[in-house]
Amino acid sequence: MKAKILSLSVIAALGFAVAAQAAVPETAYVGVRGGWAHMDMDTNDWASADDKDAVGYGIYAGYNFTSWAAIEAGYNFFDGFSYIEDQTSSEDFRVHGPEAALRLAFPLGPDGSDIYVRGGAMWATYKFDSSTKNYTAHEIAPFVGAGVQYAVTKNFGVRVGYDYYFNVVDKDGDPDTDIGLLYAGLQFTFGGSEPAPAPAPAPQTVTENFTLDAATLFPFDGSSLCEEGVKAVNDVVDSVNAKNIQNAAYDVKGYTDRIGSEAYNQTLSEKRAQAVADQLQAAGVAPEQLTVTGMGEADPVSTGCEGLRGNKLVDCLAPDRRVELSVTGEVTEAE
């Protein structure tokens, strides 16, 4: 009978284990449990049969030092046993008392579920109650057990397990008696540190490039922004803000075409770059965020203009007349 009950408890434990998710370190818990108790009595001169059935129930509490080690304390009641002495006297037999145990677990996940074994001792108070005798005695009853614990939520869990208590009765004149308990329990867990927040995503450095046509920004051969030019510069600032680019640095470079003297073109490119920079400040960009450079005739981007004269050359060189903005800053990707 002992082997059958132990097999049932192992099967129940494994069945719950496949659905389970380990005790959370530095947490405490309280619970209740109840189930089927059986009595294994060494009758010898007694007429009663072994493995008498009853109910077992109790309360328990514990503390998880780690995900695999805990201490527990509890109080048990085994009630409803009976047997017949010498085929004449009906005996009622009940047991109760506190227990202490060490619980060792194999974690099945981070949320408080595990397969466990436990062992300890119970201060068993047992009482015989019959027509021939009525007395109470005490024994220290060691026990071992195994089971599975499943964390339904962070705070609420269930247990299924089997405990076997040795020598609950071990007194001359009384039958040596062990008790097994196949139980289910409900548990509430509290305490423990909150999980550390996930680290904020690291900002990424990005660069946005804008090329503004001088014909859009300025009157012919001028360096004062026209109304359309003001809007074009403001659109750049709006685009940077919309992308939430932080700590933005604006590098403003003015360019001209190769028509005219080099000195004239250098001065014009500087004035145009500064005009754009002034409008950036008007749109909310701080002066320390700006770098302003006149590039004159440098870095032409036009092609196919060789051999052209007059208006055709002016039109062909239009891409060279420009202001380029390079905006570098940081963005943080949303999780």
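In nm, what is the difference between 0.36 nm times the number of residues separating N247 and T205 and their Cα-Cα distance? Walk me through the intermediate numbers first.
Working: separation 42, 0.36 × 42 = 15.12 nm, distance 0.99 nm.
Here the answer is 14.1 nm.
Can you tell me the FRET efficiency between D53 and A100 if r is taken as the Cβ-Cβ distance and R0 is 25 Å, rounded to the nearest 0.05? Step by step, r from the Cβ atoms, then E = 0.40.
When the Cα atoms of the range 204-331 are aligned to their principal axes, the ranges along those axes come out at 47, 27, 24 Å in descending order.
Run the numbers for T267 and T216: contour at 0.36 nm per residue of separation, minus the present Cα-Cα distance, in nm. Spell out each step's value before the answer.
Numbers: separation 51, 0.36 × 51 = 18.36 nm, distance 1.93 nm.
Once the chain is fully extended between T267 and T216, it gains 16.4 nm.
In a fully extended conformation the segment linking L313 and K231 would gain 26.7 nm over its present Cα-Cα distance, using 0.36 nm per residue. Placing dummy labels 7 Å off each Cα toward the beta-carbon, the span from F156 to H138 is 3.9 nm. With just the Cα atoms defining each centre, how far is the range 195-263 from the range 280-335? Give it in Å. If you average the Cα positions of each part, the centres end up 9 Å apart.
Just the Kirkwood number for the range 202-269, please: inverse of mean 1/r across all distinct Cα pairs, in Å, one decimal.
14.0 Å
Work through the residues other than R103 whose Cβ is under 13 Å from its Cβ and net out their charges, Lys, Arg +1 and Asp, Glu -1.
-2
In this structure, the residue pairs whose Cα-Cα separation is over 24 Å, taken from K231/K271; K52/K171; K253/K312, are K253/K312.
Computed from the coordinates by the stated procedures, all read-outs in this text should not be read as laboratory data. Note that the coordinates shown come from a computational prediction; the quantities given were computed from them, not determined experimentally. With ideal geometry, Cβ positions are generated from the backbone for all residues, glycine too; neighbour counts draw on all protein chains shown.
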